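First the structure, in the form of structure tokens, and then the observations on it.
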Amino acid sequence: MVIDILNKEEFSKDDIISLLQTEDWYEVQSIYSKADEIRKIYCGNEVYLRGIIEFSNNCEQDCLYCGLRKSNTNLDRYRMSKDEIIQTAQTISDLGIKTIVLQSGEDFLFTGKIIADIISSIKAKLDVAITLSLGERNFEDYKLWKTAGADRYLLKHETANPKLYASYHLNQSLQDRIDHLFYLKSIGYQIGSGNIIGLPQQNIKDIAEDIILCRELDLDMASFSPFIASPETPYRKQKNADINLTLKVMAVARIVLKNVHIPATTAIATLDEYGREKGLQVGANVIMPNFTPNPYREKYSIYPNKKCVKDNPLQCPDCLENSISSMGRKIAAGKGHSLKASAS
Ligand code: SAH
């Protein structure tokens, strides 16, 4: 019975599968309210904003689901200059947001040194935490960036099923990704990972394994985002993820993982008009608004019709403030570092 499982402290794989499998309305509501209760205990009512700068859409990888994949020749590729990146970071900081996420495809023209220089320039000027989300890079670069002042690294495992992983990522292995995450953690990064829900061939057991892998990685941040079919990819005709399954996965992840930051992702906001608000009600405590400036903003097209892509990011905090306060929550003033005592 779902109700009995929800009263446990520790969850087996079978428990997690049972929670993910139920479609009974009352049981699903009880999962949602348990997740909300756990979120309140570990995160309080504050919602952390992380301002993202998507500074390059060039990518050496060919992930089958992603619109930035190397084989997509119909994408207008760009790289922001160092000055543009720093100026955007300044704008985010001026709006009172205390985490800057630097994200890009796997773009090796941004060398380890160039990225380190950007990190130290931002850190010298602004009182912000920096999260990097640059894909798999070499271990020396990770060290260099940590020394330059980076605080966190976000590298999603995407799926914990090694066979599926190999089928979506032609030249990459799940084990490598896990090795990178453990290495990042060992040198003092707060680490974020997570999955995509609703990928082709994926089943509920795979998603349960995703949550278990997040627990084994002892993540500081865990992101569970819905698959959205991207037109210039081999998966263009696949169905988008189901919103209800996405919410259930987020809720179960909160119940199992407890003291971890969980975002209501841009992907869930894209999938469902109220996806962000729904996510915040079932365990999420983070939102990652996009500050990539024009003319680049629309070109970071991982998937189509990204939420807010046509909006002016300067209006973002006010707009989010309205929806967050209407839910009895408030925007956090601090940096929102790891909730784990072990993190540096
Ligand atoms: N190059 C970086 C950043 C990638 S983009 C990296 O590899 O980590 C950030 C995330 O977008 C990916 O990790 C993936 O989880 C997500 N993503 C890509 N395509 C998607 C799609 N079609 N639907 C939903 N999420 C997608």
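List the pairs whose first member sits in segment 21-32 and is open to solvent by 30 Å² or more (accessible area, probe 1.4 Å), whose second member is not aromatic (Phe, Trp, Tyr), and whose Cβ atoms are under 6 Å apart, counting only residues at least 6 apart or on separate chains?
Correct list of pairs: Gln21/Ile204; Glu27/Val2; Tyr32/Ala251; Tyr32/Val282.
With respect to the numbered conditions (1) within 24 Å of Asn138 (Cα to Cα); (2) in contact with a Phe, Trp or Tyr (Cβ under 7 Å, 6 or more places away or on another chain); (3) open to solvent by less than 20 Å² (accessible area, probe 1.4 Å), which one is the sole condition not fulfilled by Tyr183?
Status for Tyr183: all satisfied but (3).
Among the residues of segment 240-260, write down those that are open to solvent by 30 Å² or more (accessible area, probe 1.4 Å), in a loop (DSSP other than H, G, I, E, B), in contact with a helix residue (DSSP H, G or I) (Cβ under 8 Å, 6 or more places away or on another chain) and within 14 Å of the ligand (Cβ to nearest atom).
Selection gives Asn240 alone.
From the residues in segment 76-109 that are part of a loop (DSSP other than H, G, I, E, B) and among the aliphatic types (A, V, I, L, M), which one is farthest from the ligand (Cβ to nearest atom)?
Let us first name the residues in segment 76-109 that are part of a loop (DSSP other than H, G, I, E, B), namely 76-78, 80-81, 95-98, 105-109.
Now restrict to residues that are among the aliphatic types (A, V, I, L, M): 80, 95, 97, 109.
On the way: Met80: 15, Leu95: 23, Ile97: 19, Leu109: 14 Å.
This residue is Leu95.
Per-residue answers, yes or no, for (1) of a type in the set (Ser, Thr, Tyr); (2) open to solvent by 40 Å² or more (accessible area, probe 1.4 Å); (3) assigned to a helix (DSSP H, G or I); (4) on the phi > 0 side of the Ramachandran plot:
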position	(1), (2), (3), (4)
Ala208	no, no, yes, no
Leu213	no, no, yes, no
Ser223	yes, no, no, no
Pro231	no, yes, no, no
Pro234	no, yes, no, no
Gln238	no, yes, no, no
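Considering only segment 127-145, how many residues are part of a loop (DSSP other than H, G, I, E, B) and either within 15 Å of the ligand (Cβ to nearest atom) or not charged (D, E, K, R) (or both)?
6
With Ile204, Ile197, Ile191 as the choices, which residue is open to solvent by 20 Å² or more (accessible area, probe 1.4 Å) and of a type in the set (A, V, I, L, M)?
One residue alone meets the criteria, Ile204.
Can you name the residue in segment 146-165 that is assigned to a helix (DSSP H, G or I) and within 16 Å of the ligand (Cβ to nearest atom) and is also nearest to the chain's Cα centre (by Cα) among such residues?
Tyr165
Please work out if Lys40 is touching an Asp or Glu at 6+ places or on another chain (Cβ under 8 Å), over 25 Å from Gln238 (Cβ atoms) and either touching a residue at least 24 places away in the same chain (Cβ under 8 Å) or of a type in the set (D, E, K, R) (or both).
So Lys40 fails the test.
Count, please, the residues in segment 137-156 that happen to be surrounded by 17 or more Cβ atoms within 10 Å (Cβ to Cβ) and either basic (Lys, Arg) or free of Cβ contacts under 8 Å to residues at least 60 places away in the same chain (or both).
12
In segment 289-316, how many are open to solvent by 30 Å² or more (accessible area, probe 1.4 Å), part of a loop (DSSP other than H, G, I, E, B) and of a type in the set (D, E, K, R)?
Residues flagged as open to solvent by 30 Å² or more (accessible area, probe 1.4 Å), part of a loop (DSSP other than H, G, I, E, B) and of a type in the set (D, E, K, R) within segment 289-316 amount to 3.
Any idea which of (1) surrounded by fewer than 22 Cβ atoms within 10 Å (Cβ to Cβ); (2) within 16 Å of the ligand (Cβ to nearest atom); (3) over 28 Å from Tyr235 (Cβ atoms) is the one Gly51 doesn't satisfy?
Exception for Gly51: condition (1).
Being more than 25 Å from Asn244 (Cβ to Cβ) and more than 16 Å from the ligand (Cβ to nearest atom), is that true of even one residue in segment 65-75?
The answer is yes; a qualifying residue exists.
Name the residues in segment 304-321 that are over 26 Å from Asp127 (Cβ atoms) and either polar (S, T, N, Q) or in contact with a helix residue (DSSP H, G or I) (Cβ under 7 Å, 6 or more places away or on another chain) (or both), would you? So that I can check it myself, show each step before the final result.
To start, the set of residues in segment 304-321 that are over 26 Å from Asp127 (Cβ atoms) comprises 304-307, 309-311.
Result: Asn305, Lys306, Lys307, Val309.
Tell me yes or no: at least one residue of segment 317-324 is surrounded by 12 or more Cβ atoms within 10 Å (Cβ to Cβ), under 20 Å from the mean Cα position of the chain (by Cα) and of a type in the set (Ser, Thr, Tyr).
no
The values are calculated or read from the model by the stated rules, or taken from the named source; none is laboratory data. These figures come from a predicted structure and were not determined experimentally. Heads up, the Cβs are rebuilt from the backbone with ideal geometry, glycines too, and the neighbour counts pull from every protein chain shown. Quick note on the areas: whole protein, heavy atoms, side chains included, nothing else; ligands and nucleic acids left out. Shrake-Rupley method; radii C 1.70, N 1.55, O 1.52, S 1.80 Å.
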